[in-house]
Amino acid sequence: MEHGATDVVVIGAGQAGLSAAYHLQRKGLEFKVLDAEQGPGGAWRHRWKSLVMATVNGISDLPGIAKPDVDPTEPSSEFLSKYFDGYERELGIEVLRPVKVSSVAREDADPAGNLRVGSDRGEWLAKAVINATGSWTRPFWPIYPGRSTFLGRQLHVADYVSAEEFRGLHVIVVGGGISAVGLLDEISQVTTTSWFTRREPEWRDATFDARAGHRAVALVEERVRQGLPPQSVVAVTGLIWTPALRAAEQRGALHRRPMFTAMEPDGVRLTDGSHLRADAILWATGFRAELEHLAPLHLRGPGGGIAMDGTQVAAEPRVHLVGYGPSSSTIGANRAGRAAVTAILKLPALQQ
């Protein structure tokens, strides 16, 4: 079992965690990076093989070392895992893995005191914690009447492998985000599909430019400042038409239906009372932030979220959340890593 004291513990070694480690290293702070994965790549290690670099949303370079030349046909899981691995080795960032952090607690009542980070590999005392655990390990499964009675296959996007496993089946896809429409496109090329969302999707014909991006991030940022759970960015930005999605629309794959009222053993009950048979239901319903290990700090407010001041938890300035809310994009994660380190340098415990 390992233990020790350090300036900062970084929890998670995805884009946000490695960005934070880069800036901690540049500022000469002592730090430990703890990661629950078996190897480099963060959540990208688990993306389905058909999500290749040509179709994945824009991925930002990690700070200091640009991505190598991209093969557009290479699976994003393989390309980005290799990139993250090379980044760790070239910068000499030591990542302890696999380490599952179980708790972060205050060592004593002194606000300038240490935080105790507990894990399955030991404990560390730290003057500050940068939490970069993302959300991939917490897929969100909505509760619907009759869900436990459905006899077909149910899976979340987190469990998806390929469209081929559904050939010959009728597949229902639930969700209004980028993953939902991307997988509808893919699955509808080999079998029949139906698409259900709670709200009518909003489509954009125009390119999602920097101005629209800043506006979307500002709206999410305002929510977390108020202590509300962060909204998905797609809820703010809408869905963008691509040639592949236009082709899916022409196949009829993007005919959206309002959410069904109940699930039954062989399908779902529609809002008009009719029945739709289904062999499988794919829940593309998003993820929730992985923050259970922070529960001993009692950070959540009445709104159900954590009130934030930038990357800093408003009620606990020694804790920073990166890759959370407005910094959940790859560009945002890089900026958040730098901002967190800048704020940590101002902590009284690091001024001594």
* Simple spin-label model, 7 Å along Cα-to-Cβ: Glu94 to Arg147 in nm? -> 4.3
* Asked: Of the residues Thr192, Thr55, Thr149, which exhibits the maximal mean-square fluctuation in a Gaussian network model of the chain defined by a 10 Å Cα contact cut-off?
  -> Thr149
* So how far apart, in nm, are the two label points at Asp266 and Ala295 if each is 7 Å from Cα heading toward Cβ? -> 4.2
* Asked: Which residues make up the longest stretch of the chain clear of GluC sites (Glu not before Pro) that lie in a DSSP loop with no more than 14 other Cβ atoms within 10 Å, not counting the sites?
  -> 203-352
* **Where trypsin sites (Lys or Arg not before Pro) fall in DSSP loop in the range 252-352, at most 14 other Cβ within 10 Å** => Arg288, Lys346
* **Lysine pairs in the chain with Cα atoms under 15 Å, if 8 or more residues apart or on separate chains** => 6
* Structure fact -> the range 140-167 scanned against label point 7 Å out from Met259 along Cα→C-beta; backbone N under 15 Å for 140-147
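Rule-based calculations on the coordinates, nothing more; no lab input. A quick note: this is a predicted structure, and the numbers were derived from the prediction, not measured. All Cβ positions, glycine included, derive from the backbone under ideal geometry; neighbour counts span all protein chains shown.
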